Amino acid sequence: MAKTFNRLDPIILEQQSRYIREGLTYVSNDTNIIPRDSAGNILMQEGSTTNPLLIIDPVTERISTKSALRVLDTRFQYYKFPVQVRAISSGSAEIDLTDELATFETPDIDLIYARYKPEDDYVAPVASTNFESRPFTGTAMDEVVEGLPQQSRNLYTITKDIKNSNKDLRFRIKMNHRFISPVAGNIQFSIIKQGPDTPIDRRYQIFPEDSRIEATVSGTPINTTYDVIIPNDSFEIGDMFSIGCKSSEASHTIIAEQTYWVITDASKNVDEWNQEI
């Protein structure tokens, strides 16, 4: 028996194709059928008997089950248990990690090294008495550039590891400052030491006398440097060091980006960045 197919009506297809091409409202969008203003609103007058009829064109897409099954895969996929695993090799694997572990080296952590600087420029502290008798006041070294972090702001603290290492410390300090004033003024720096069992000593290490600057009024930056060894037997666990300063006038400015304090192991031949020389 020959298979028969339903013939498609070309007139129906033509009617439906216009809706597909021009949208469901293509008839009502025709201003000859339904007049509209410039904004697209339908023009209607209240109480008028000549208002256009509102045309609603119903369109329904009908998809047969047979045509859908040709496109959609509705077959259920079954899984078989237990899962079969195909062996690739029957040989045993032997891994020797001896060489790998032997070549692994623990990084050398320097528990002494630190490089500090001021975060911002600041005016050097001025006391109320004459310059010679004025005490040294702590200065800002509050930015940790590298190395040991600060337990207390602006201070280098002696930890148990530093003390028990029996290493001497090397301090390298550079203070960059300028002075702008109608009259000349003096400025001098020191190392301050204090601790839980150590009374504060603001004159623990005074920068050499030739580093005492009688600054000029030009405002030209001046470098004051100091390089000193701090023996291990001169400090205890918990002792703290800082940089002191005193000035005769309130016009001495410390330049942060050109100032630093570097602490290294005195037994190492390293530069200010703790790099071997």
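Derivation of every value follows stated rules applied to the coordinates shown; laboratory data play no part. Quantities reported herein were computed from a predicted structural model and do not represent experimental measurements. Backbone-built Cβ (ideal geometry, glycine too); neighbour counts: all protein chains shown.
Taking amide H as placed 1.01 Å from N in the peptide plane, ASN154 has its amide H under 5 Å from the amide H of MET141, each at least 5 places away in sequence or on another chain. On the principal axes of its alpha carbon atoms, the range 114-265 extends 51, 30, 24 Å, with the longest extent given first. Listing ARG203, ARG178 from fewest to most neighbouring C-beta atoms within 10 Å gives ARG203, ARG178.
When ARG153, ARG202 are arranged by Cβ crowding within 10 Å, least crowded first, meaning fewest neighbours, the order is ARG153, ARG202.
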